[in-house]
Each structure stands twice: as structure tokens, then as C-alpha cells.
Amino acid sequence: MGHVPMKKAQEIRRAKPRETKCNYCKRTIKGAEVTADHVIPIIEGGGHGWDNIIWCCIICNQLKSGVQVDYFLDALELMPISHRVPLAMDEESKNARRRYQSFWIKAVRRMKKILANETLLSEDGV
Ligand SMILES: [Zn+2]
């Protein structure tokens with residue numbers, strides 16, 4: 001989630017719930033699966049305040065990285081329910097997680113392309 005001042009990082013660690021729901025994919029997550037995400041990334045002008053920080057799962061956090069939140073949420077809408085899997089480590093879950101991840105990698109690539117095209121279009125319009 002980019003560079004976070006040490007004091008804020010400690011504050012986040014202390015506030016982190018043991019169990020919660022991922023604010024993006026809505027799965028129940030526990031322990032190390034729970035991560036903090038800057039809704040608007042720091043590099044895009046987002047702040048370190050709690051109004052810009054939410055709890056989400058590791059996968060959503062990694063996949064959202066570098067993608068505008070609106071596009072990320074659009075991709076979530078497209079995600080088949082069968083891909084929304086828990087992170088347990090039995091064989092079946094591992095396979096499901098692989099499907100989930102490959103779906104996400106494709107969705108994020110698609111979003112990045114859309115973003116790139118929109119940038120080109122707006123530059124053309126000038
Ligand atoms: Zn998630």
C-alpha cells in the first residue's frame with residue numbers, strides 16, 4: 001500500500017481486527033489475511049487518514065494495487081461467485097484460488113488497458 005509513516009503503520013497494526021469482512025470481495029477474513037488498503041493510493045493524492053483506509057483481503061489488496069478503485073469495483077461485479085473463495089490451504093481451495101487469481105490478473109490487465117485508452121482519448125481531445 002505504498003510508503004506509510006512508521007507511526008501510522010503502528011496505529012494500523014493496533015487497530016487491525018482479528019476477523020472482519022474484506023471491503024471489496026466481502027469474504028470473511030482472519031489474521032494475516034486482513035490487510036489495510038488506501039482506497040485512493042498515496043501516489044494519486046490519497047491521505048493516511050482513516051477516511052482513506054479500509055480492511056481488505058491480501059488478494060484484493062495486491063490486485064487493486066495501481067488500479068483506480070472504480071475500475072477495481074467494476075471488475076469485482078464481473079467476478080463469478082464461484083471465484084470468491086476462502087484462503088484455506090487444502091488442495092481444492094488451492095485450485096479455486098488459482099482460478100480466482102487468474103481471473104483477477106486478466107481483469108486488472110483489462111482495466112489497465114481501459115485506463116490507458118481513456119488517457120489517450122483525453123489527450124487526443126485537447
Ligand atoms: Zn477481498
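Please treat every number below as a calculation from the coordinates, not as lab data. From a predicted model like this one, the values you see are computed outputs, not experimental measurements. Cβ sites come from the backbone with ideal geometry, for glycine too, and all protein chains shown count toward neighbours.
For the reader, a short list of remarks on this structure follows.
- Local charge for Val69 was computed over the other residues whose Cβ lies under 11 Å away, with Lys and Arg +1 and Asp and Glu -1, and equals -3.
- Less than 5 angstrom separates the built amide H of Lys21 from those of Ile29, all sequence-distant by 5 or more or on a different chain.
- Site pair Asn52 and Lys8 shows an inter-label distance of 0.6 nm when each label is modelled 7 Å from Cα along Cα→Cβ.
- Neighbourhood net charge (10 Å Cβ-Cβ; Lys/Arg +1, Asp/Glu -1) for Glu19: +2
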